[in-house]
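The values are calculated or read from the model by the stated rules, or taken from the named source; none is laboratory data. None of the values given here were measured: they were computed from a predicted structure. When we count neighbours, we look across all protein chains shown, and the Cβ atoms used for this are built from the backbone with ideal geometry, even at glycine.
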């Protein structure tokens, strides 16, 4: 070597600047693709979870109590009288002049 | 718009703000990776792209205690390490015998050539501490090394470079 440069000064030389030349644009395109694939993944995962829940959960057993309540209410004379009173009051309010 | 504002927007999911951050940081990050990849520009750019995509996915995890550039450099270094380990390309603890001094040409070219003969943590430590002006503490954090280990990588790397370049220290 003809010159004996200071090693620290040589090492401290900043890295040569690199022109963008479409690099950032390519990253942004891939970001959008990545976001889209995540959205699809989330949707697919949601559908899968729902399908699994529907397969595993005994839907008939879950709805059975509600069916029983509905039948009991329909057979209860107190409930029928209350409904009739509400219907009559409503009709009377509509028919009577202000 | 300053970097803090861009970071806040990006953390809220604004991809245009993150794009602006990519434009701000692409040059030093690609330069750092080119050093790590021993001048392989295509590999460095692929890894830089992957690092930015990972940063976009994890932007919510970025804590403002360190710098965004440092956080990016850490992601990029991990990406390079993974790539190198998969291909068993980088001896990490082998103190390989150095060949004779390089012939003089252009100082920057000499330095780049000499850098390729160093071990990965030495290249990374020297680049971070000198060319990218991180403190040794910051560089240790980026490379996930104890401070003492980083200092010894810097010292060993400098010594090897001095021999290779026949510089005055």
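Here are a few things to note about the model shown:
- Any hit, segment A:1-12, residues being exposed (fewer than 10 other Cβ atoms within 10 Å of the Cβ), within 10 Å of chain B (Cβ to nearest Cβ) and either modelled with pLDDT under 85 or in contact with a strand residue (DSSP E or B) (Cβ under 6 Å, 6 or more places away or on another chain) (or both): yes
- Against the list (1) at pLDDT 65 or above; (2) more than 18 Å from the chain's Cα centre (by Cα), the condition residue B:96 fails is (1).
- Residue count, segment B:41-87 (criterion: within 14 Å of chain A (Cβ to nearest Cβ) and assigned to a loop (DSSP other than H, G, I, E, B)): 1
- Restricting segment B:2-40 to residues that are assigned to a loop (DSSP other than H, G, I, E, B) and in contact with a helix residue (DSSP H, G or I) (Cβ under 7 Å, 6 or more places away or on another chain), the residue that is surrounded by the fewest Cβ atoms within 10 Å (Cβ to Cβ): B:39
- Test result for residue B:118, under 15 Å from the mean Cα position of the chain (by Cα), outside any helix (DSSP H, G or I) and at pLDDT 90 or above: yes
- Residue within segment A:14-21 that is modelled with pLDDT under 90, surrounded by 13 or more Cβ atoms within 10 Å (Cβ to Cβ) and within 12 Å of chain B (Cβ to nearest Cβ) present: no
- Residue match in segment A:59-74 (condition: under 25 Å from residue B:17 (Cα atoms) and either within 14 Å of chain B (Cβ to nearest Cβ) or surrounded by 11 or more Cβ atoms within 10 Å (Cβ to Cβ) (or both)): no
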